[in-house]
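> Mind looking over this structure? Questions follow.
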Amino acid sequence: MRNRLLLSVLALMFIFAAMDLSAAVSRKKYFNKPQLGIWYGPVTPILKTGELLEPDMGVGLFFRYNLPFDSVKLGLDTSYQEYKSKGVNGLTMFPVYMNALYLLPIDLPVRLQGKAGAGMCKLYMEPDGINQWDPMLMVGAEVSFPAGKLANIALRVDYLFIYEEYMNGATQNGHFINAAISLYFNFNL
Amino acid sequence: MNINKYKILLFSAFAMLLFAGCGAEPIFTELSTNRLKIVIKGTLESEDPVTDTFDFTPAVPAASYADDSVDDEKITDQESIDNDFMPSKFMFDISEIKLNGKAIGNYRQVLTIPLNDSEPFFDGKGITLKNDDPGNGSYNTVQLYIRKMIFDGARIYRSTGTVLDFEELAQVIFHEDDVYGFNFNNLQVNSYWDSLHDNASSTIRIYPLEIPIIGGMNYDRSNDETILEIRIVIKNFIKMYEYDYYDEGIFKVCHFYGLSDWLRDVRADESDMGRNIHAVARAYVPGKTGTITRTDVSAANCYVMAIPDTNEELYSITSSGSALRTSVGWADLPVAPVYSGAHIESVLDYYCNYEEYKYSWNDKYDDYTGSDPFTDYIAAWETYEGSVENFRIAPYLTVADGSGNYIFNNVQPGTYYIYYHSAPLNNRELFVGSWNSINSETPVTVP
């Protein structure tokens, strides 16, 4: 009986180790493929921007491509975000940015990535009718796992910084958190 | 590797393209800034509101301010008429503000204002409303969505069969609380003229209250501040009215306070109070205004107005509102009684009133001499409406002193024509008859 128990524990340990080993191989494998995905989730103005606008839901689309360096990828991310205020002011955002994604060297069944990037954000403010592009920066993190050979599921959190203080008369910038669940697909390009 | 370099370059070029063509308007700063300030006042005058005739002394019995639509018999029969006093406060509830139909504020704003000369609402300073900014552009009207307008002091009397006894103070819900008063907002529709139309059920006269911005407002974000001043004539414009109803078969009368029916006369037993809310708006940019200071002896002690055109006829009516209503003649038919429930007293009252109604109706119709009553009936009310619908309040209005001195401050740049009205204004009345021109040949130009 004791031997059977010991054998069972050893067998389980072996299975877990084998799973982790195969996950490590698969992690690296699917990270090295071009990917196209969508995300959907709450978008939240924070800091001073949080006093002006109300949280809402946003939706986005992204594409990622390999670099010669194994742990780093380049991504192009765009989204649609609409914010209302307590009054009649409203802001529609359409950020378009490039980012670099770094696969953290942590050996877990899930994949952890850090990301940082820059780009432009199309802004439309109502009822003033101001419509323009602003420069923006972003940093974020993402945890993902494979859902079959083709698809991956991820949870992502990004901080978006819309830079405006360089303009005449500007006293503040835009600060947003985009949290989302995303689904993306691997391509054999 | 070369292919990868090419792809990186392509991505980088795309990113560079995105950085081209940045905007120049700080949107987040703009979101936090309020450049359009809306100030609301309860006075007829834009400068130095009249104070001497402000009869809001609670000790003054209201009977002398009762409208002629209040049934005299019912009042004199009751012992408690001396208990009617003028109201002591005005309450209103604004839900939304729009400019040219475009929303600029959806903040609920609930104001309770004591009826007192020293209140900012009545002393010429005004109360600032909360709103957001509109887009750059030109605006001609402001729409004020007013949920309720209430004066306190409304009293309910119940019939004892021979007299009307005081029962209780009328209550109404205001800002989610029971308050003493009567909401006269619901009654602000035009008697006859509105109710005769196919779209009567959807006709709304107060939600929104459409207010002209005379001279227009050119809003430009490059100005740090733009003031939009709205004036609603409340001060010296309050009257007592009567609202009759049956409550479980018992005849009751509510005496309440509303705005004067000077323009659209209210007759006995009518619950509609006409569209008798008079308001005007004007706009200016602080620092970009002028002052009109003049002395015109002919205008001494008279109301003086400055308007941006020569349409002075819009600022008065040709004869009193009561006379205009009388001129409707035979077409101003009596009000039919309302069947008021299953109680024997009220049913008997109804049939008695109905007989009286039929008699009055036939009496009126006897005066008719035409051949097409329906067409003539419409024409009579359209003529009446035409004589009252265009009346407006001047954007700059004050009273000259005994030497004819007067001043208009914060005048938007432009050309103005100045008129005076020969007769000093009576309480609860506005302007009847022509305005007299002071400088129709020499417009005042504000630099």
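The values are calculated or read from the model by the stated rules, or taken from the named source; none is laboratory data. Since we're looking at a predicted model, the values are computed, not measured. Note that we place each Cβ from the backbone using ideal geometry, even for glycine, and neighbour counts take in every protein chain shown.
> Is it the case that A:Y102 is in contact with a Phe, Trp or Tyr (Cβ under 7 Å, 6 or more places away or on another chain), more than 10 Å from chain B (Cβ to nearest Cβ) and either part of a loop (DSSP other than H, G, I, E, B) or surrounded by fewer than 17 Cβ atoms within 10 Å (Cβ to Cβ) (or both)?
no
> Another question, then. Taking the stated definitions as given, is A:F69 modelled with pLDDT of 95 or more and of a type in the set (A, V, I, L, M, F, W, C)?
no
> Could you tell me whether the stretch A:122-136 includes any residue that is more than 10 Å from chain B (Cβ to nearest Cβ) and surrounded by fewer than 19 Cβ atoms within 10 Å (Cβ to Cβ)?
Checked against the condition, which is being more than 10 Å from chain B (Cβ to nearest Cβ) and surrounded by fewer than 19 Cβ atoms within 10 Å (Cβ to Cβ), the stretch A:122-136 yields no hits at all.
> Among the residues of the stretch B:361-416 satisfying the criterion of being more than 30 Å from B:I292 (Cβ to Cβ) and outside any helix (DSSP H, G or I), which is modelled with the lowest pLDDT?
In this case the residue turns out to be B:D367.
> For the stretch B:238-250, indicate whether the set of residues that are buried (at least 17 other Cβ atoms within 10 Å of the Cβ), β-branched (V, I, T), more than 30 Å from B:V335 (Cα to Cα) and under 21 Å from the mean Cα position of the chain (by Cα) is non-empty.
no
> Another question, if that's okay. Go through the stretch A:151-189 and report how many residues are among the β-branched types (V, I, T), within 14 Å of another protein chain (Cβ to nearest Cβ) and surrounded by 15 or more Cβ atoms within 10 Å (Cβ to Cβ).
Qualifying residue count for the region: 1.
> Still on this structure: From the residues in the stretch B:35-55 that are at pLDDT below 90 and surrounded by fewer than 19 Cβ atoms within 10 Å (Cβ to Cβ), which one is nearest to B:K239 (Cα to Cα)?
Per the criteria, the residue is B:D55.
> Can you tell me which of (1) in a loop (DSSP other than H, G, I, E, B); (2) over 26 Å from B:L129 (Cα atoms) is the one A:E54 doesn't meet?
The failed condition is (2).
> Sticking with this structure for a sec: In the stretch A:29-63, how many residues are under 21 Å from A:P109 (Cα atoms), surrounded by 14 or more Cβ atoms within 10 Å (Cβ to Cβ), without any contact (Cβ under 8 Å) to a residue 40 or more places away in the chain and among the charged types (D, E, K, R)?
Total meeting the criteria: 0.
> Here is a further query. Return the pair list, or none, for Cβ contacts closer than 6 Å from residues in the stretch B:342-357 that are at pLDDT below 90 to residues that are surrounded by fewer than 16 Cβ atoms within 10 Å (Cβ to Cβ) and not in a helix (DSSP H, G or I), at least 6 apart or on different chains.
Qualifying pairs under 6 Å: B:H343/B:G249; B:E345/B:G249; B:S346/B:G249; B:Y350/B:Y339.
> Can you go through B:Y157, B:Y107 and tell me which one is in contact with a Lys or Arg (Cβ under 8 Å, 6 or more places away or on another chain) and more than 30 Å from B:F251 (Cβ to Cβ)?
B:Y107
> Would you confirm whether any residue within the stretch A:142-150 is within 8 Å of chain B (Cβ to nearest Cβ), among the acidic types (D, E) and surrounded by 15 or more Cβ atoms within 10 Å (Cβ to Cβ)?
No: the stretch A:142-150 contains no residue that is within 8 Å of chain B (Cβ to nearest Cβ), among the acidic types (D, E) and surrounded by 15 or more Cβ atoms within 10 Å (Cβ to Cβ).
> From (1) more than 9 Å from chain B (Cβ to nearest Cβ); (2) assigned to a strand (DSSP E or B), pick out the condition that doesn't hold for A:L108.
Checking A:L108 against (1) more than 9 Å from chain B (Cβ to nearest Cβ); (2) assigned to a strand (DSSP E or B), the one that fails is (2).
> Okay, next question. Return the residues of the stretch B:180-217 that are modelled with pLDDT of 95 or more and surrounded by fewer than 17 Cβ atoms within 10 Å (Cβ to Cβ); say none if nothing qualifies.
Selection gives nothing.
> Within the stretch B:326-333, can one find any residue that is more than 23 Å from B:Y246 (Cα to Cα), assigned to a helix (DSSP H, G or I) and among the hydrophobic types (A, V, I, L, M, F, W, C)?
Taking every residue of the stretch B:326-333 in turn, at least one turns out to be more than 23 Å from B:Y246 (Cα to Cα), assigned to a helix (DSSP H, G or I) and among the hydrophobic types (A, V, I, L, M, F, W, C).
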